[in-house]
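Undergrad: Questions regarding the structure given below will be posed in turn.
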Amino acid sequence: AEMKMVLVLLLSTLLGTPAMPPHRPACHKRVLQEHSCHSLPESKENLRHIHDGLRDHFWEGKGCEVICYCNLNELLCCPKDIFFGPKVSFVIPCNSQ
């Protein structure tokens, strides 16, 4: 049920997001050449799993500002408040090891 909830939030956020001001970083896609989501070595792509409830979701880089969603062999990365919306993004636990 938790996964379904996340999916609903994700879809409504992506579909219902108003146009972003130009100075904000937008989303970007990255194709994983030799990896799929399940064989992703975290250190290689500079990614960390968010937590077990959000499978295939990763923090990108050192902080907890950009979230990547992995789909087959492609990453979609967005600033977290674009990705989940400002109301949801602040409750996502940040594991900044």
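Undergrad: Keeping the other protein chains in place, figure out the carbon and sulfur percent of the accessible area of the stretch 23-84, with a 1.4 Å probe. Can you show the working numbers first?
TA: On the way: 1790 of 3420 Å².
Percent of accessible area from carbon and sulfur atoms in the stretch 23-84: 52.
Undergrad: Could I ask something else about it? On full extension of the chain, what length is gained from residue 28 through residue 71, given 0.36 nm per residue of separation minus the C-alpha to C-alpha distance? Walk me through the numbers before you get to the answer.
TA: Details: separation 43, 0.36 × 43 = 15.48 nm, distance 1.34 nm.
14.1 nm is the gain from fully extending residue 28 to residue 71.
Undergrad: Quick one, what does Rg over Rh come out to for the stretch 23-84 if you take C-alpha atoms and the Kirkwood Rh? If you can, show how the numbers build up before the last one.
TA: Values: Rg = 10.9 Å, Rh = 11.6 Å.
Ratio of gyration radius to Kirkwood radius for the stretch 23-84: 0.94.
Undergrad: Separate question: Pop out the ³J(HN,Hα) list for the stretch 73-78 in order, Karplus 6.51 cos²θ - 1.76 cosθ + 1.60 with θ = phi - 60°, rounded to Hz; leave Gly and Pro as x.
TA: 10, 10, 9, 10, 10, 9
The values are calculated or read from the model by the stated rules, or taken from the named source; none is laboratory data. Everything numeric here is computed off the predicted structure, so don't read it as measured data. Note: accessible area is taken over every heavy atom of the protein model, side chains too, but ligands, DNA and RNA are not part of it. Shrake-Rupley method; radii C 1.70, N 1.55, O 1.52, S 1.80 Å.
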